[in-house]
Amino acid sequence: MSIFTKYEPLARSLAAVTNGGGRNPFSVVIDHPVSSTVGVIEGRETLLFGTNNYLGLSQSEAAIDAAIGTVRTHGVGTTGSRIANGTQGLHRQLEERIAAFFRRRHCMVFSTGYQANLGMISALAGKDDYLLLDADSHASIYDGSRLSQAQVIRFRHNDPEDLHKRLRRLDGTPGAKLIVVEGIYSMMGDVVPMAEFAAVKRETGAWLLADEAHSVGVMGEHGRGVAEACGVEDDVDFVVGTFSKSLGTVGGYCVSDQDGLDLIRLCSRPYMFTASLPPDVIAATMAALSELERRPELRHRLMDNAQRLHAGLNAIGLRTGPQASPVVSVVLDEVAQAVQFWNRLLDLGVYVNLSLPPATPDQHPLLRTSVMATHDAAQIDQAIEIFATVAREMGAGR
Amino acid sequence: MSETVADVSALIIQTLLANPKVPRDISGSSKIVEDLAFDSLAVMNFVMEIEDSLDVSVPLDRLADIRTIDDLANCIVSLKQGD
């Protein structure tokens, strides 16, 4: 028996996706980017509508210049963990910049956004504590909960009342209760009702961690996310985020006013046992953050573009989530239909993400799009037109 | 607070049979993943329904040890008894 025998069902699922002659949707190669909105795929210039590069800052001139300059002065890597030789002055500087941006006292920077959730959740919740997770939480949150050894309880997606009910069942139980929500959910682009969750947190004495990976740089007057937009930042004890979406680089962070955060550096395994961010990434991230702060118009343009894409896809009869946000997902019924739809979009020059159950809510396959501030109206209209063409070919939509 | 394992097992089966995709011949010894063809997410969502019916929360780590409908019923009864 092969060590891979247990993956035979997975192999059959993959074969079912590709056996009509279609591509493997998990092995798409962007040969190279032409701009933030266009990449070369299969030798053709293709509109990118699935990169999470919300402000287009992966191609920021200021960030590129900062990275190049820093590579010359600092080299290409740190070769070490944050708790050994991997903390340079730049790491501290970045942490101070991120803390100042969020108006928080403390910041910890991780090497990826995944590790930020893994490292914070696993370290904050001990084996005698309770983690209360939104049912549609990202894999990094579920994985962090497994690493934590805490008791893990799911509540219904975006449902503060359901959370309240589950916290009530824990009345009188010893141990800290840590609620984990996301600002914008990555599959459907729906926004958390943060003020209502904050109210439950206040009433029950629980702690609240918000993963604002998809909402920082996107929501709030200053781009600090949904908690800022809802006016409840003081109720959020820990904000986790990533550099790999609106800031266009890679890395993750947690900010908090809790002085205990410094102790987490000494017990969070995903922080301690991995190499720290390379200096050029830090320089690029700080330059991108300055651009995010300096150019609020990027956020406004992003939301205008989100409205345009959301309205356009609905107008051609496709089903999307109810809210226009930078993630707009088209919901289909059958996996085979979604695979064919996704292949035809790419044939015609639009790249989106194909998301399949069980990674999606409600067992529906999704054509997940993400929009950017740097898309122009013509690109969005062209993408909608291509969606309409494929929908007509397939008898989907109206 | 006085549900027996048999009561809870019957409630679970009744809840499962409301889903037309579930085989009609399930019993307490049916395996949730293998016999019902539930994936990990479907199991968690189904357990959430049962939790609400019985006003109990089943921590996710407990699910790892549950194979059959009776296993789940046993787990819920012990949680309700304050284990």
Prolate/oblate/rounded label for region A:1-150 (Cα gyration tensor, a/c 1.5): oblate
For region A:147-162 and region A:203-225, distance of Cα centres in Å: 17 Å
Inter-chain shielding of B:55-65 (mean C-beta neighbours from other protein chains, 10 Å cut-off): 5
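Run the helix sum for chain B: -39,500 (n - 2.57) per DSSP H stretch of 4+ residues, divided by residue count, reported at 222 nm to the nearest 500 deg cm²/dmol.
-16000 deg cm²/dmol
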Cα centroid separation - region B:57-80 against region A:293-338, whole Å: 40 Å
Surrounding net charge for B:ASP55, when Lys and Arg each add one and Asp and Glu each subtract one, Cβ distance under 9 Å: +1
Proximal charge balance of A:LEU178 [Cβ under 9 Å; K/R count +1, D/E count -1]: -1
For A:MET187, net neighbour charge (Lys/Arg +1, Asp/Glu -1) across residues whose Cβ lies under 15 Å away: -3
Choice from A:ASP362, A:ASP159, A:ASP237 with maximal GNM fluctuation in chain A (Cα, 10 Å cutoff): A:ASP362
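How much of the DSSP beta bridge set in region A:78-277 is antiparallel, as a percent to the nearest 5?
If I count the DSSP bridges inside region A:78-277, around 40 percent turn out antiparallel.
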Antiparallel bridge percentage (DSSP; both residues within the protein assembly as shown; nearest 5): 60 percent
Ranked list, fewest to most other Cβ atoms within 10 Å of each Cβ, for B:GLU51, B:GLU3: B:GLU3, B:GLU51
Calculated [θ] (222 nm, deg cm²/dmol) that DSSP helices of n ≥ 4 give over chain A, each run adding -39,500 (n - 2.57): -12500 deg cm²/dmol
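What is region B:5-80 by shape, rounded, prolate or oblate, if you read a ≥ b ≥ c off the alpha carbon gyration tensor as root eigenvalues and call it rounded for a/c under 1.5, prolate for a/b larger than b/c, and oblate otherwise?
Numbers: a/c = 1.45, a/b = 1.27, b/c = 1.14.
Rounded.
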For chain A, built as a Gaussian network whose Cα springs stay under 10 Å, the top-fluctuating residue of A:ASN19, A:ASN158, A:ASN117: A:ASN19
Over 32 Å between alpha carbons, listed pairs A:LYS127/B:LYS31; A:LYS165/B:LYS21; A:LYS6/A:LYS201; A:LYS127/B:LYS21; A:LYS6/A:LYS177; A:LYS6/A:LYS127: A:LYS6/A:LYS201; A:LYS127/B:LYS21; A:LYS6/A:LYS177
Gyration tensor verdict on the protein assembly as shown (Cα atoms; rounded if a/c is under 1.5, prolate if a/b is larger than b/c, oblate otherwise): oblate
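Only the coordinates and a few stated rules stand behind these numbers; no lab work does. Since we're looking at a predicted model, the values are computed, not measured. Positions of Cβ are generated from backbone atoms using ideal geometry, with glycine treated the same way; all protein chains shown enter the neighbour counts.
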